[in-house]
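A.B. asks: Got a structure for you, questions after.
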Amino acid sequence: MCRAHAFGQALALGKLLLGDLRTAVSELREDDAIELLQALTTLVQDTPRLQIALSLQTQAVNDVRIAETILRCTQEALTNCLRHSDATRCAIELHSESGALVLTVQDNGSAVASVKAGNGLKGMAERVGQLGGTVTWSTDATGFLLTVVLPGADGLAALDARHGADSEVT
């Protein structure tokens, strides 16, 4: 496949995923309790070349910032999977652990010695970091694994209080 064709495919995929993300975020803003399964299903339903398995032990989130971050991280992970690996399967899991939300995205793409963070991973880490969370990734013979840990309600309340106190200082 020539580079121009590959670039065109990546651009078309990005537009498709961005459109799906906008639809999902619009749906999120309409509800008080955000149904992530529905939003994630909307996001991944037209993804080409990948068999995607969704597993959500936590289905409703009450903070649109967390929900939007989960969706954007999932979108970026899928984009990276399609652009940088020859994966055929991708597993997306969201669960609660010790008061935090944990998103994992695992693909079965070919192993590489190391992953250099590009704009997508760096942007994801910045977005998650603004909410007090962390992003890690690793690769091995089974593929690429992305782990996003976001604070639960208590962690967000503490972060909001800290930022509120910072903004009150003159």
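A.B. asks: Given the conditions (1) touching a Cys at 6+ places or on another chain (Cβ under 7 Å); (2) modelled with pLDDT of 90 or more, and given that residue 109 satisfies all but one, which numbered condition is not satisfied?
C.D. replies: Every condition holds for residue 109 apart from (2).
A.B. asks: So, one more: Out of all the residues in the range 74-108, which are closer than 15 Å to residue 34 by Cβ and touching a Leu at 6+ places or on another chain (Cβ under 9 Å)?
C.D. replies: If we filter the range 74-108 for residues that are closer than 15 Å to residue 34 by Cβ, which is where we start, we get 74, 94, 96, 101, 103.
74, 94, 101, 103 - these are the residues of the range 74-108 that are closer than 15 Å to residue 34 by Cβ and touching a Leu at 6+ places or on another chain (Cβ under 9 Å).
A.B. asks: Can you name every residue in the range 121-157 that is at pLDDT below 95, over 15 Å from residue 63 (Cα atoms) and assigned to a strand (DSSP E or B)?
C.D. replies: Passing the criteria: 136, 137, 138, 139, 140, 143, 144, 145, 146.
A.B. asks: Which one is farthest from residue 86 (Cα to Cα) among residues in the range 133-145 that are open to solvent by 50 Å² or more (accessible area, probe 1.4 Å) and without any contact (Cβ under 8 Å) to a residue 40 or more places away in the chain?
C.D. replies: Within the range 133-145, the match that is farthest from residue 86 (Cα to Cα) is 134.
The values are calculated or read from the model by the stated rules, or taken from the named source; none is laboratory data. What you see is a predicted model; the values in this text were computed from it and never measured. Reconstructed Cβ throughout: ideal geometry from the backbone, glycine too, with neighbour counts over all protein chains shown. Only protein heavy atoms, including side chains, enter the accessible area calculation; ligands, DNA and RNA are left aside. Shrake-Rupley method; radii C 1.70, N 1.55, O 1.52, S 1.80 Å.
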